[in-house]
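Some notes on the structure that comes next.
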Amino acid sequence: MKVLVAVKRVIDYNVKVRVKPDNTGVDLANVKMAMNPFCEIAVEEAVRLKEKGVASEIVVVSIGPKACQEQIRTALALGADRGIHIETDEEVQSLEAAKLLKSVVEKEEPKLVILGKQSIDSDNNQTGQMLAALTGMGQGTFASEVVVDGENVNVTREVDGGLMTVALKLPAVITTDLRLNEPRYASLPNIMKAKKKPLDNMSPADLGVELAPRLSTLKVEAPASRQAGVKVADVAELVDKLKNEAKVI
Amino acid sequence: MSILVIAEHDNSELKQATLNVVAAAKAIGGDIDVLVAGENCGAVGEAAAKADGVSKVLVADNAVYGHFLGENLGELVAEVGNSYSHILAAAGTVGKDFMPRVAALLDVAQVSDIMRVESEDTFVRPIYAGNAIATVKSTDSIKVITVRPTAFDPVAEEGGSATVEALDIVKDAGLSQFVSEELAKSDRPDLASAGIVVSGGRGMQNGENFKMLEQVADLLGAAVGASRAAVDAGFVPNDMQVGQTGKIVAPQLYIAVGISGAIQHLAGMSDSKVIAAINKDEEAPIFQVADYGLVADLFEAVPQLEEELKKVL
């Protein structure tokens, strides 16, 4: 069975985010970029399915500027078989990403599409669900366990209050949560091998999708910062302050 | 303008988050209808009809909605919501699951996790784990929006007298089936809406030690939370996680015990009214956001806290 994994290039999660002084966005100049952590988990899950003999081929796709090829190569080094780069320098919003991925799904006909539940830049948590709706597939969002069983996949989901397991007909879309797996690191020989794996390049126009953003960002600001309060000497003073000064207990 | 709010509930009770979302709808302005989709959820419909500011409650009561499967809810809400200017739901795991499907089926964008309403088409939302705050304008004719419940004060539970209408629309996408569910059972208040939260971090050292926090929480009528470090270490289950990738909380009082205060965690609790922190490392970043900081060994401080609270409560 073929598995399609979508990955996004985002600011590295260890980098301290700084808002631009003109409030037009976040400063990404000379900032370390990396694969979105939830997408790493998606790649890892696909590779594990292949190691179990469930998946036969892993295709990894990324949308964005030329530099996204770094993240596709990373996925190839981790075990994906080939890459598709949908190249654009324009801003791509969730609905457009879902439409682009839908075209790829129609061409590639994967049995399973795995994405991260959200990217750590825009924090939308939308693309997987939108792709599932547009392709008429079921969705296992916020997955913490994935078990393929014949023509179905059972997905255990992290929901408010606990866990919920659903059975989805294949083909299906899965979005990963943090505890699905712990991604491996790519070995040097695999990084070298990944350079020779096939990587197709196409444009949104090649896929028949016109980019037409519906949302415009008017401004981006730094969050209001909290002021550090006071240090108390002991527990008795803490309880006194909470009761008599803050009046919250 | 007309706004459709999708109720969050468990088929027997209306969740408070719905009242927060109605408050967000009021901030947009216009007629507010509430859709209750579930199975044997009549009581939820009655409760929604009493909420302040609601004009009409639509109840879609059918087994296909019993487990809130995103595929079925998506089709239902896209059909019912088609005649509204705004469709709103709480940004919990149910809303996050089905709302993007609604948006895609209607061919509109979704605005996720809004914290503030600027106008009928402009909303404020966190990006980069709350390290930046974006003001976003939507040009779509129908605005599909998920709302961060803690960012809006709930409307009154009583006082409204909306009409209740049964909806005979059954959407079974036939793509997914409910298999099982493991929900944590607790007599403590729900973490996301509790007035006081007591959270533990990696400093707790193991799950057994969380009992100390539970005893303090029970004295205060508080919920118990945890940092991602504590969850990843396996001390407590993941549904207790407070932070950008877990629950977003904004209680009256947040007590952080043995939590260093990683950005990820702060993003989930820094809107709390009062923050108290106990940590033995005086350089811990949690002290930069805490109103009251106590530098102490938690294994001494927490039992003392329990004793002191018993004296004053």
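Residue B:312 meets the stated requirement of being at pLDDT below 95 and either over 28 Å from residue B:16 (Cβ atoms) or open to solvent by 40 Å² or more (accessible area, probe 1.4 Å) (or both). In region A:169-185, the qualifying residues are those that are closer than 15 Å to residue A:48 by Cα and open to solvent by 40 Å² or more (accessible area, probe 1.4 Å), and the one that is modelled with the lowest pLDDT is A:179. When B:226, B:222 are checked against the criterion of being under 19 Å from the mean Cα position of the chain (by Cα), of a type outside the set (D, E, K, R) and within 12 Å of another protein chain (Cβ to nearest Cβ), a single residue qualifies: B:222.
A count restricted to region A:124-141 and to residues that are surrounded by 20 or more Cβ atoms within 10 Å (Cβ to Cβ) and either out of contact with any helix residue (DSSP H, G or I) (no Cβ under 6 Å at 6 or more places or on another chain) or acidic (Asp, Glu) (or both) stands at 4.
Pick from region A:90-102 the residues that are open to solvent by 20 Å² or more (accessible area, probe 1.4 Å) and more than 8 Å from chain B (Cβ to nearest Cβ): which of them is farthest from residue A:157 (Cα to Cα)? Filtering first and then ranking leaves A:90.
Could you count how many residues in region B:118-143 are over 23 Å from the mean Cα position of the chain (by Cα) and either assigned by TED's automatic domain parsing to the domain that holds residue B:263 or under 21 Å from residue B:269 (Cα atoms) (or both)? Residues in region B:118-143 being over 23 Å from the mean Cα position of the chain (by Cα) and either assigned by TED's automatic domain parsing to the domain that holds residue B:263 or under 21 Å from residue B:269 (Cα atoms) (or both): 0 in total. Filtering region A:192-249 to residues that are of a type in the set (Lys, Arg), open to solvent by 80 Å² or more (accessible area, probe 1.4 Å) and more than 7 Å from chain B (Cβ to nearest Cβ) leaves A:193, A:195, A:196, A:247. Looking only at region B:171-196, residues that are part of a loop (DSSP other than H, G, I, E, B), modelled with pLDDT of 95 or more and either in the same structural domain as residue B:65 (by TED's automatic domain parsing) or surrounded by fewer than 13 Cβ atoms within 10 Å (Cβ to Cβ) (or both) come to 1 in all.
Residues checked against (1) of a type in the set (Gly, Ala, Ser); (2) touching a strand residue (DSSP E or B) at 6+ places or on another chain (Cβ under 9 Å); (3) over 12 Å from residue B:24 (Cβ atoms); (4) crowded, with 24+ Cβ neighbours inside 10 Å:
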{"site": "B:79", "(1), (2), (3), (4)": "no, no, yes, no"}
{"site": "B:83", "(1), (2), (3), (4)": "yes, yes, yes, no"}
{"site": "B:88", "(1), (2), (3), (4)": "no, yes, no, yes"}
{"site": "B:96", "(1), (2), (3), (4)": "no, yes, yes, yes"}
{"site": "B:115", "(1), (2), (3), (4)": "no, yes, no, no"}
{"site": "B:119", "(1), (2), (3), (4)": "yes, yes, yes, no"}
{"site": "B:129", "(1), (2), (3), (4)": "yes, no, yes, no"}
{"site": "B:136", "(1), (2), (3), (4)": "no, yes, yes, no"}
{"site": "B:141", "(1), (2), (3), (4)": "yes, no, yes, no"}
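Confirm whether residue B:269 is within 11 Å of chain A (Cβ to nearest Cβ), open to solvent by 30 Å² or more (accessible area, probe 1.4 Å) and not charged (D, E, K, R). Criteria not met by residue B:269.
Counting just the residues of region A:136-150 that are modelled with pLDDT of 95 or more and more than 19 Å from the chain's Cα centre (by Cα), which one comes out farthest from the other protein chains (Cβ to nearest Cβ)? The selected residue is A:148.
Of everything in region B:143-170 that's open to solvent by less than 30 Å² (accessible area, probe 1.4 Å) and in a loop (DSSP other than H, G, I, E, B), which residue is nearest to residue B:112 (Cα to Cα)? Residue satisfying both the conditions and the ranking: B:148. Of the strands (runs of 3 or more DSSP E) entirely within region A:1-63, those holding at least 1 residues that are away from chain B (no Cβ under 14 Å) and surrounded by fewer than 18 Cβ atoms within 10 Å (Cβ to Cβ) occupy A:2-7. Listed by first and then second residue, the pairs linking a residue in region B:92-116 that is within 8 Å of chain A (Cβ to nearest Cβ) to a residue that is of a type in the set (Lys, Arg) and outside any helix (DSSP H, G or I), with Cβ atoms under 6 Å apart and 6 or more places separating them unless they lie on different chains, are B:109/A:214; B:113/B:125; B:113/B:148. Quick one: would you say residue B:259 is within 11 Å of chain A (Cβ to nearest Cβ), over 20 Å from residue A:118 (Cα atoms) and buried (at least 22 other Cβ atoms within 10 Å of the Cβ)? No; evaluated as a whole, the condition is false for this residue. Within region B:79-122, the residues that satisfy the criterion of being farther than 21 Å from residue A:115 by Cβ and either among the acidic types (Asp, Glu) or part of a helix (DSSP H, G or I) (or both) are B:79, B:80, B:81, B:118, B:120, B:121.
Tallying residues that are open to solvent by 10 Å² or more (accessible area, probe 1.4 Å) and more than 12 Å from chain A (Cβ to nearest Cβ) within region B:234-249 yields 2. Test residue B:95 against the criterion of being in the same structural domain as residue B:152 (by TED's automatic domain parsing) and either at pLDDT 95 or above or more than 20 Å from the chain's Cα centre (by Cα) (or both), and give yes or no. Against the criterion (in the same structural domain as residue B:152 (by TED's automatic domain parsing) and either at pLDDT 95 or above or more than 20 Å from the chain's Cα centre (by Cα) (or both)), residue B:95 qualifies. Among the residues of region B:272-284, those identified as more than 10 Å from chain A (Cβ to nearest Cβ) and either open to solvent by 40 Å² or more (accessible area, probe 1.4 Å) or in a helix (DSSP H, G or I) (or both) are B:280, B:281, B:283. Answer yes or no as to whether residue B:36 is in the same structural domain as residue B:23 (by TED's automatic domain parsing), assigned to a loop (DSSP other than H, G, I, E, B) and either at positive phi or at pLDDT 95 or above (or both). No: the conditions fail for residue B:36.
All conditions but one from (1) facing chain A (nearest Cβ under 10 Å); (2) outside any helix (DSSP H, G or I); (3) at pLDDT 95 or above; (4) under 23 Å from residue A:15 (Cα atoms) apply to residue B:290; the one that does not is (4).
The values are calculated or read from the model by the stated rules, or taken from the named source; none is laboratory data. Nothing here was measured: the structure is a model prediction, and the numbers come from that model. When we count neighbours, we look across all protein chains shown, and the Cβ atoms used for this are built from the backbone with ideal geometry, even at glycine. Ligands, DNA and RNA are stripped out before the accessible areas are found, and what is left, the full protein with its side chains, is counted by its heavy atoms. Shrake-Rupley method; radii C 1.70, N 1.55, O 1.52, S 1.80 Å.
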